[in-house]
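S.K.: Dumping the structure here so I can ask a few things about it.
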Amino acid sequence: MKIGLIGYGKMGKEIEQQVSNSGHEITAIYSLERLFLSDNAPDCDVFIEFSFPSAVESHIEHAIQLGKPIVIGTTGWYEKLPSIRQKVGDSIGCVYSGNFSPGIHVMKKLIAELSKNLSTIGGYDISLLEKHHRHKLDSPSGTAHLLSAPILEHFTGKNYITTSPEEATHDIHALHISSMRCGDIVGEHTVMADSIIDNIQITHTAKNRTGFAQGAILAAEWILNKKGLYEFSELFS
């Protein structure tokens, strides 16, 4: 499989390193020095994109023009999902995710079960804390949004997300997400459920970016001959 990398920051370099161990090859690298939108005849089977939120839509549109599948690891653009879903249609295959670590998607399933069971028991409140390096642009993280989905679906009474402690204090229906940006933290996400009798926590800590890179490569393999827009969690359903 010939892979084109869109974005050559920390994740792009990690993917490049992992591809060398996968039997695939990187045949194009796009960055500010070589723009993806300027290449109309790339020698690639699939693209993996980790760039900037503002560039995602144009990168997907260009992949559609080229008729080649694309994996989107960039976060912070999900307000455009409805229009992008319509644009993708059945033209190409596209996989996106707030986090390509397989462990996060296992955690998402655990959160769904936790939310269902605690709703049956009653007497619990639930919230989410995410920590990342100081250069991460979006807040809450894409992973925080990913992990909040099963809570909003299964935890009775939590209807919407807030990042405001004041709003969480005044409205029990608000799911509070707290964000921390510090140093070089790769990524840590904790879902906490608290009651007067005990405290339950589920935490995922990324030790490095290897899992994200391997997951993105897995997504590229999976989407190669498919059409439509998919979330990475669908690989694990």
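S.K.: For L224 and S58, what does the FRET efficiency come to when R0 = 22 Å and r is the distance between their Cβ atoms, rounded to the nearest 0.05?
M.R.: Plugging the Cβ-Cβ distance into 1/(1 + (r/R0)^6) gives 0.45.
S.K.: Binning at 5 angstrom from zero up to the longest distance, how are the C-alpha pair distances of the range 132-210 distributed in percent?
M.R.: P(r) over the range 132-210, rounded to whole percents: 3, 13, 22, 25, 19, 11, 5, 1, 0.
S.K.: While we're here: Going by how many other beta carbons lie within 10 Å of each one, how would you line up L128, L114, fewest first?
M.R.: Exposure proxy ranking, most exposed first: L114, L128.
S.K.: Here's something else I'd like to know. Where is the GNM fluctuation largest for the chain (alpha-carbon springs, 10 angstrom cutoff): L32, L110, L137?
M.R.: Comparing L32, L110, L137 in a Gaussian network model of the chain, the most mobile one is L32.
S.K.: Hey, fewest Cβ within 10 Å first, where do F52, F232 land in order?
M.R.: F52, F232
S.K.: With charges set only on the Cβ (+1 for Lys and Arg, -1 for Asp and Glu), what does the dipole of the range 82-130 come to about its Cα centre, in debye to the nearest 20?
M.R.: 160 debye
S.K.: Efficiency by 1/(1 + (r/R0)^6): what FRET value for N159 and S31, r their Cβ-Cβ distance, R0 = 45 Å, to the nearest 0.05?
M.R.: The value I calculate is 0.60.
S.K.: I've got another one for you. Among G123, G93, G187, which one shows the highest mean-square fluctuation when the chain is modelled as a Gaussian network with alpha-carbon springs under 10 Å?
M.R.: G123
S.K.: Sketch the reach of a paramagnetic label on L152 as a point 7 Å from Cα along Cα-to-Cβ, and name the residues of the range 68-98 whose backbone nitrogen lies under 11 Å away.
M.R.: Hits in the range 68-98 for L152 at 11 Å: 79.
S.K.: Let me ask something else. Among residues other than V95 whose Cβ falls under 11 Å from its Cβ, what is the net charge (Lys/Arg +1, Asp/Glu -1)?
M.R.: Summing Lys and Arg as +1 and Asp and Glu as -1 gives -3.
S.K.: Next question. Would you mind computing, in nm to one decimal, how far apart the modelled labels at I197 and S139 are, each placed 7 Å from Cα along Cα→Cβ?
M.R.: 3.7 nm
S.K.: I'd like the trypsin sites (Lys or Arg not before Pro) in the range 55-164 restricted to DSSP loop residues with at most 10 other Cβ atoms within 10 Å, sorted by number.
M.R.: Within the range 55-164, the qualifying trypsin sites (Lys or Arg not before Pro) (loop, at most 10 other Cβ atoms within 10 Å) are R134.
S.K.: Less than 15 Å Cβ to Cβ from T162, Lys/Arg counted +1 and Asp/Glu -1: what total charge do the surrounding residues give?
M.R.: Local net charge: -4.
S.K.: Using the charge dipole of the chain (Lys, Arg: +1 at Cβ; Asp, Glu: -1 at Cβ; taken about the Cα centre), state which of Q17, L137, I223 has its Cα farthest towards the positive end.
M.R.: Q17
S.K.: Could I ask something else about it? Restricting to Cα pairs below 8 Å that are 6+ residues apart, what does the relative contact order work out to for the chain? Please round to a whole percent.
M.R.: 24 percent
S.K.: Please name whichever of L147, A41, I185 sits farthest to the positive end of the charge dipole of the chain, dipole taken about the Cα centre and charges placed at Cβ: Lys and Arg +1, Asp and Glu -1.
M.R.: A41
S.K.: Further question: Cα axis of helix 10-19 to longest principal axis of the chain: angle in degrees, 0 to 90, nearest 10?
M.R.: 70 degrees
S.K.: If the only charges are +1 at each Lys and Arg Cβ and -1 at each Asp and Glu Cβ, what is the size of the charge dipole of the range 102-205 around the Cα centre, to the nearest 20 debye?
M.R.: 320 debye
S.K.: Counting Lys +1, Arg +1, Asp -1, Glu -1, what net charge surrounds D194 among other residues with beta carbon under 14 Å of its beta carbon?
M.R.: That works out to -1.
S.K.: Also, I was wondering about something else. Which whole number of Å³ per residue matches the convex hull of the alpha-carbon atoms in the chain?
M.R.: Each residue corresponds to 128 Å³ of Cα convex hull volume.
S.K.: Looking at L110, L81, F52, which one has the Cα that reaches farthest to the positive end of the dipole of the range 40-122 (charges on Cβ: Lys, Arg +1; Asp, Glu -1)?
M.R.: L110
S.K.: If you don't mind, there's one more thing I want to ask. For the range 85-219, max minus min Cα coordinate along each principal axis, in Å, sorted largest first?
M.R.: Result for the range 85-219: principal-axis Cα extents of 47, 39, 25 Å.
S.K.: Taking neighbour counts of Cβ atoms within 10 Å as a proxy for exposure, in what order, fewest first, do S20, S101, S127 appear?
M.R.: Exposure proxy ranking, most exposed first: S20, S127, S101.
S.K.: Using the Cα centre of the chain as the reference point, and only Cβ charges (+1 on K/R, -1 on D/E), how large is the resulting charge dipole? Debye, rounded to the nearest 20.
M.R.: 280 debye
Bear in mind these aren't lab numbers, they're just calculated from the coordinates by the rules spelled out. On a predicted model such as this, the values are computed, not experimentally measured, just so you know. All Cβ positions, glycine included, derive from the backbone under ideal geometry; neighbour counts span all protein chains shown.
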